[in-house]
Each structure stands twice: as structure tokens, then as C-alpha cells.
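What follows is one structure encoded as C-alpha cells, with my remarks underneath.
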Amino acid sequence: MSIFSERHQCPHVLRHSCAMSLLHAGVDTAVIALWLGHNDIRSTSVYLHADMTIKQRALELTAPTATPPGRYRPNDALLAFLEGLQ
């Protein structure tokens, strides 16, 4: 089923797709707001959400230089401790 099927054809879906494409390309949210014609950047939040790709990129940008890039993998002892807290 195409995202452009009759069921999904509405301006919101197209604007959301455009906004997310720009966000994935690294475009600042203020620029995306201007692109969408919003006077207030808060209006843009309706069209944006941070998926795992964006979150991973943000983590990689903020990792200390001595830390290798990638996802944190807790060891078994830490996982067992955390499980015991429930």
C-alpha cells in the first residue's frame, strides 16, 4: 500500500513527511518552521518526532571524546541489580 493511497491523502501527512525528511537531513527545527510557513516554532512540533535514528545521532554527537561511539550495553551484573529493584 502506498503512503499516497486514498486513505492517507491529506495535507498533514505530506507536511509531516516533508518535515521529517528535513529533520533527518539535519535541518534545524527553526528552519523547518520557516519552510512550513509557521510563525511560531511550537506549531512545528506537531509535524516532528524524534525517532531512534535521530536519538542515536544526538547521542553520538554528545559522547565524550574518550568514549567510543555506539549504544551503551550494560553488563549482566547491572541488569540483574536493576531487575531486583522491581
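Derivation of every value follows stated rules applied to the coordinates shown; laboratory data play no part. Because the structure is predicted, anything quoted here is derived from the model rather than measured. Here Cβ is always computed from backbone atoms with ideal geometry, including for glycine, and neighbour counts include all displayed protein chains.
General remarks:
- Residue-span extension gain [THR53 to MET20] - 0.36 nm each, minus C-alpha spacing: 10.7 nm
- Per-residue HN-Hα couplings for region 64-73 [Karplus 6.51, -1.76, 1.60; θ = phi - 60°; Hz; x = Gly/Pro]: x, 4, 7, 9, x, x, x, 7, 6, 10
- The gain in end-to-end length when the ASP28 to THR67 segment is fully stretched comes to 11.4 nm, 0.36 nm per residue minus the alpha carbon separation.
- Peptide packing: for 30-43, 65-78, the average count of neighbouring Cβ atoms within 10 Å per residue gives the ranking 30-43, 65-78, highest mean first.
- Dividing the summed -39500 (n - 2.57) terms of all DSSP H runs of n ≥ 4 by the residue count of the chain sets its mean residue ellipticity at 222 nm at -14500 deg cm²/dmol.
- Counted residue by residue at 0.36 nm each, then reduced by the alpha carbon distance between them, the extension gain from LEU79 to TRP35 reaches 11.4 nm.
- Leading residue at positive end of dipole, the chain (Cβ point charges), from ALA19, PRO69, GLN86: ALA19
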